[in-house]
Amino acid sequence: MHSTLKAEKPKVFGYPSELNTLGDHIRARRLQRGLFQKDVAQLVGVCTDTVTNWEKNRSNPNLRVLPRVLEFLGYDPRETGESVADQLIRLRRSRGLSQRELAQIVRVDPSTLSKWELGIREPEGLYLQRVRLFLTSL
């Protein structure tokens, strides 16, 4: 009688048991690709200590480096919200834009954009069209 055992390949030492945070995703992707923290640091344009802090969940990538981190991952693990406010914030940050920069793109005052992102107001009419255009311009 012949039998075959099948099992999942063991994870690399240090692989996160659960992917709950952005730091967990960064560490998992780095280990999957067989890279060192210094390699990731070089790819995304930060120092090795910064990558260490992300992976240990001491800090998160800042707005300017987040687009390169998401490119390294190949996906965006952050939660998606249903509201226009949630979508605006998520996409703005994934592109590394400040509120002021996005306000220029959709041609509104930065304080108006801030109110949209806080959910105090919602874009209407022409502004809603511009926001939808931005949201669909992936």
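The values are calculated or read from the model by the stated rules, or taken from the named source; none is laboratory data. In this text the structure is predicted, and so the values were computed from the model without any measurement. Positions of Cβ are generated from backbone atoms using ideal geometry, with glycine treated the same way; all protein chains shown enter the neighbour counts.
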Item to complete: Consider Arg100 carefully, then state whether it is under 20 Å from Ser137 (Cβ atoms), of a type in the set (Lys, Arg) and under 17 Å from the mean Cα position of the chain (by Cα).
Response: no
Item to complete: Please indicate, with yes or no, whether at least one residue in segment 78-88 is polar (S, T, N, Q), in a helix (DSSP H, G or I) and over 16 Å from the mean Cα position of the chain (by Cα).
Response: no
Item to complete: Answer yes or no as to whether Pro61 is within 30 Å of Glu124 (Cα to Cα) and under 10 Å from the mean Cα position of the chain (by Cα).
Response: no
Worksheet entry | From Asn20, Asn60, residue being part of a loop (DSSP other than H, G, I, E, B), farther than 30 Å from Thr112 by Cα and among the polar types (S, T, N, Q) | Asn20
Worksheet entry | Residues satisfying the stated conditions in segment 106-138, i.e. part of a helix (DSSP H, G or I) and of a type in the set (D, E, K, R) | Lys115, Glu117, Arg130, Arg132
Worksheet entry | Filter pass, Ala103 being touching a Ser or Thr at 6+ places or on another chain (Cβ under 8 Å), in a helix (DSSP H, G or I) and farther than 26 Å from Ser17 by Cα | yes
Practice prompt. Please find, within segment 64-90, the residue that is nearest to Gly125 (Cα to Cα) out of those that are without any contact (Cβ under 8 Å) to a residue 24 or more places away in the chain and touching a Ser or Thr at 6+ places or on another chain (Cβ under 9 Å).
Written response: Asp86
Discussion item. Which count do you get for residues in segment 40-60 that are under 14 Å from Arg29 (Cβ atoms) and either surrounded by fewer than 12 Cβ atoms within 10 Å (Cβ to Cβ) or hydrophobic (A, V, I, L, M, F, W, C) (or both)?
Written reply: 6
Response to the item:
So, first residue charged (D, E, K, R) in segment 19-37, second residue at pLDDT below 95 and not in a helix (DSSP H, G or I), Cβ within less than 6 Å, six or more apart or across chains; the pairs are Asp24/Pro16; Arg27/Pro16
Practice prompt. Kindly indicate which of Leu63, Leu35 is closer than 22 Å to Arg90 by Cβ, surrounded by 12 or more Cβ atoms within 10 Å (Cβ to Cβ) and outside the structural domain of Arg90 (by TED's automatic domain parsing).
Written response: Leu63
Practice prompt. Just name the residue that is nearest to Val44 (Cα to Cα) out of those in segment 95-138 that are surrounded by 13 or more Cβ atoms within 10 Å (Cβ to Cβ) and among the acidic types (Asp, Glu).
Written response: Glu101
Discussion item. Test of understanding: among Arg27, Arg92, which residue is of a type outside the set (Gly, Ala, Ser), in a helix (DSSP H, G or I), crowded, with 18+ Cβ neighbours inside 10 Å and assigned by TED's automatic domain parsing to the domain that holds Trp116?
Written reply: Arg92
